[in-house]
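*Asks:* Just dropping this structure here.
The values are calculated or read from the model by the stated rules, or taken from the named source; none is laboratory data. Note that this is a predicted model, so its numbers are computed, not measured. Note that we place each Cβ from the backbone using ideal geometry, even for glycine, and neighbour counts take in every protein chain shown.
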Amino acid sequence: MTDDPAPATSSYDDLAAAFDQVEAFLLGDAPTLTRVDVAARAGVPLELAEELWRLLGFAHRTDEDVAFAESDVHALQMTVDLMRMGILDEESQSALVRTWGRSYARLAEWQVSLLAGLALEGPDPDVRLAELAAGVLPRVEALQAYVWRRHLASAASRLLMNATSGTPEPARAVCFVDIVGYTTHSKTMDEAALVEWIERFEQDTTGTVTDHGGQVIKTIGDEILFTADDLVGAIEVALELTARGADEEDPFPAVRAGLAYGEVVTRLGDVFGHTVNIAARLTSVARPGTLVVDRGAYDGLMGPDGPADRGEDTDDEVEPDGPEGAHDEPDPSPYKLKRLRRVSVKGYSRLEAWHLRRRKPAEDD
């Protein structure tokens, strides 16, 4: 006679019941309303409510689905109030709401994965999930509000300084840092190792950027985009990261970087424009472990009275592992700049570029 299999510690019904408790906790109450009810109580057309929910990335609901709570009514009323106050005008409404939804969706996915993993480690995941929701989420919510307010204060300070300086919007350094051989490496790693590898890259890069006064704008898979008001600070970030990637004893991945310096268009926490495009193109032609900069960065280092270019340009394209030009530019310490052949990339047929490296002690003589 064989022993009966041990019963599962938590059935699907137990977990479903635990989720209902968590959902009620998160929404402030158990869902009792349909989307029609929410729109009517908020005093707004259903079409407007549906458009806002769609922009936020919320799951589609039918008129019969009981999936909303009183907190949804309050949120919809506050959104309409902001629109009436002119904070959310027709031009910015869609973009801002969509950015909120996309940002918080990514954050929520990560947080739920973290909490679910902790809950499933114990013998009673349904009980543990409810405990974590009650004990952890209020603290996470408070920390999120704190981080948001600190970033608001920092952004307001930068805006105030620019507004009172009486000068045009200052130039900014834009830099992309890209992992070399990401596809090849990712094929040799299991999921846990790959996640750890990418997280180390993001964490170390973010720390280095922050240490030099820069700001990480976004991560794009195996690539990070950051900006800095200080050109030298951005260069130091790029050189430090490429040097770490070239060190076989350092677990930081091999990277390459492209940096441009000039006017930048900022919108909803992102950056756009000619300078950003050039930085992205330069990254694609940089060799592993190197930093390539544009004319704006070169001029920014030289200053308005810096020496003129010397040597003839060529029309040869520069591949990521292609040759460099034969002429060293006279450049300021502590960097050495070597002019590359004219770069031909998408959107730019004759892009000026320089390979920038740190000057070696022996070159100071």
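*Asks:* Does residue 129 satisfy the criteria of being part of a helix (DSSP H, G or I) and more than 27 Å from residue 221 (Cα to Cα)?
*Replies:* yes
*Asks:* Under 7 Å between Cβ atoms, which residue pairs at least 6 apart in sequence (or on different chains) link something in the range 51-64 that is in contact (Cβ under 8 Å) with a residue 12 or more places away in the chain with a partner that is part of a loop (DSSP other than H, G, I, E, B) and not small (Gly, Ala, Ser)?
*Replies:* The qualifying pairs are 63/34; 64/34.
*Asks:* When you go through 231, 241 one by one, which is the residue that is closer than 21 Å to residue 154 by Cα and touching a residue at least 24 places away in the same chain (Cβ under 8 Å)?
*Replies:* Testing whether each residue is closer than 21 Å to residue 154 by Cα and touching a residue at least 24 places away in the same chain (Cβ under 8 Å) leaves just 231.
*Asks:* Filter the range 40-65 down to the residues that are more than 18 Å from residue 108 (Cβ to Cβ) and part of a helix (DSSP H, G or I) and list them by number.
*Replies:* Those that are more than 18 Å from residue 108 (Cβ to Cβ) and part of a helix (DSSP H, G or I): 40, 41, 42, 46, 47, 48, 49, 50, 51.
*Asks:* Condition first: at pLDDT below 85 and either hydrophobic (A, V, I, L, M, F, W, C) or in contact with a Pro (Cβ under 8 Å, 6 or more places away or on another chain) (or both). Now tell me which residues in the range 15-51 satisfy that.
*Replies:* Scanning the range 15-51 gives 15, 16, 17, 18, 19, 22, 23, 24, 25, 26, 27.
*Asks:* Here are 280, 353: which of them is modelled with pLDDT of 75 or more and within 30 Å of residue 103 (Cβ to Cβ)?
*Replies:* Testing whether each residue is modelled with pLDDT of 75 or more and within 30 Å of residue 103 (Cβ to Cβ) leaves just 280.
*Asks:* Which one of 200, 267, 256 is touching a Pro at 6+ places or on another chain (Cβ under 8 Å) and surrounded by fewer than 18 Cβ atoms within 10 Å (Cβ to Cβ)?
*Replies:* After ruling out the rest, the residue left standing is 200.
*Asks:* Would you please list the contacts, defined by Cβ atoms under 7 Å and residues six or more apart or on different chains, that run from a residue in the range 263-292 that is closer than 16 Å to residue 229 by Cα to a residue that is among the basic types (Lys, Arg) and surrounded by 17 or more Cβ atoms within 10 Å (Cβ to Cβ)?
*Replies:* Pairs found: 264/172.
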